[in-house]
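**Student:** Sharing a structure with you now.
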Amino acid sequence: MIAKRIPTILPDLTFNEALEITKIHSISEILPKEKPIVTNRPFRAPHHTISFTSLVGGGINPRPGEISLAHYGVLFLDELPEYNKKTLEVLREPLEDKSITISRINASLTYPCNFMLVASMNPCPCGFYGLKEKECTCLPDAITRYINKISGPLLDRIDIQVEVNQVNYNKIKEEKATESSKEIKNRVNKARKIQQERYKEYGIYSNSELTPKLINKYCKIDNKTSKILEDAFNKLGFSARAYNRILKVARTIADLDEKENIELQHVAEAIQYRNLDKKYWKN
């Protein structure tokens, strides 16, 4: 439910982004005739039985796959461990490079795939592992096999990992004022404009596209904050990739907070989004 609402709070498409998406959808022959240009960010949710070729692209005459059809939008993979493990592993390079090259005897084509990967999964096959309200019926080996379908390198590329607990009836019934998608989107658009202005000379739109060199320039932190990050790095065993991703998430949190510099609370919040893998993936 959360994943399907993410497109409603994503920043508005720029004209150049819209053109890129339109080109991909046009050559894939999924562009409606009555709508010659894409104006909304794509949301793609392929079934877990999807093939390797359909996900990343290919065929005799190489065509864009789901990762390219989700360019500048969302690729949602529900029940992540149900996907073929080899198919999931193919996502590692596109998530890093933001493009995919498909080589065949008669052609070699490169398609853009700068997408937001959103995935959901249960903690075990029955779905109740770790819950106080219900008892898990899975054997320990079954839980381990289920969890290990998601490899460490793939998990390392997921910036934000959040555990969503079961909601009881009273919480669902409770009438409480909440922030609307429109209000959230306004905040997101403000943050995106800050980033566009900051990176206009580099031809990128957001913090997620920062290179290590640009991270050093735009994600500077003070000594106290650096010490907190160092302690977390050593205690939780973060990789160099996770370190850079924490800084990019912290930069985004600071932008949403309309702060010029990354502060301690921004880094602390970003670190909290990296704890889930240490809870379930022990190795």
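The values are calculated or read from the model by the stated rules, or taken from the named source; none is laboratory data. These numbers were taken from a predicted model, which means no experiment stands behind them. In this analysis, Cβ positions are derived from the backbone assuming ideal geometry, glycine residues included, and neighbour counts consider all displayed protein chains.
**Student:** Before we move on, is residue 190 charged (D, E, K, R), modelled with pLDDT under 95 and surrounded by fewer than 18 Cβ atoms within 10 Å (Cβ to Cβ)?
**Tutor:** No.
**Student:** Looking only at the range 177-194, decide whether some residue is part of a helix (DSSP H, G or I), out of contact with any Lys or Arg (no Cβ under 8 Å at 6 or more places or on another chain) and of a type in the set (S, T, N, Q).
**Tutor:** Yes, some residue in the range 177-194 is part of a helix (DSSP H, G or I), out of contact with any Lys or Arg (no Cβ under 8 Å at 6 or more places or on another chain) and of a type in the set (S, T, N, Q).
**Student:** Additional query: How many residues does the range 91-109 hold that are among the hydroxyl-bearing types (Ser, Thr, Tyr) and either in a helix (DSSP H, G or I) or loosely packed, with under 13 Cβ neighbours inside 10 Å (or both)?
**Tutor:** 2
**Student:** Another question about this same structure. How many residues does the range 79-90 contain that are part of a loop (DSSP other than H, G, I, E, B) and surrounded by fewer than 22 Cβ atoms within 10 Å (Cβ to Cβ)?
**Tutor:** Here the count works out to 3.
**Student:** Right, here's the next one. Pairs please, first residue from the range 167-180 and closer than 20 Å to residue 131 by Cβ, second anywhere and in a loop (DSSP other than H, G, I, E, B), Cβ atoms under 9 Å, 6+ apart in sequence or on different chains.
**Tutor:** Close Cβ pairs (under 9 Å, with a partner that is in a loop (DSSP other than H, G, I, E, B)) amount to 168/133.
**Student:** Right, here's the next one. I'm trying to understand the selection: among the residues of the range 50-92, which are of a type in the set (S, T, N, Q) and either in contact with a helix residue (DSSP H, G or I) (Cβ under 6 Å, 6 or more places away or on another chain) or free of Cβ contacts under 8 Å to residues at least 12 places away in the same chain (or both)?
**Tutor:** Across the range 50-92, the qualifying residues are 68, 87.
**Student:** Listed residues 158, 143; which is closer than 18 Å to residue 251 by Cβ, surrounded by 11 or more Cβ atoms within 10 Å (Cβ to Cβ) and of a type in the set (Val, Ile, Thr)?
**Tutor:** Checking each option against the conditions leaves just 158.
**Student:** Report yes if some residue within the range 198-208 is part of a helix (DSSP H, G or I), free of Cβ contacts under 8 Å to residues at least 40 places away in the same chain and not aromatic (Phe, Trp, Tyr); otherwise report no.
**Tutor:** Within the range 198-208, one or more residues are part of a helix (DSSP H, G or I), free of Cβ contacts under 8 Å to residues at least 40 places away in the same chain and not aromatic (Phe, Trp, Tyr).
**Student:** Go through the range 212-245 residue by residue and tally those that are free of Cβ contacts under 8 Å to residues at least 24 places away in the same chain, surrounded by 11 or more Cβ atoms within 10 Å (Cβ to Cβ) and among the polar types (S, T, N, Q).
**Tutor:** Result for the range 212-245: 2.
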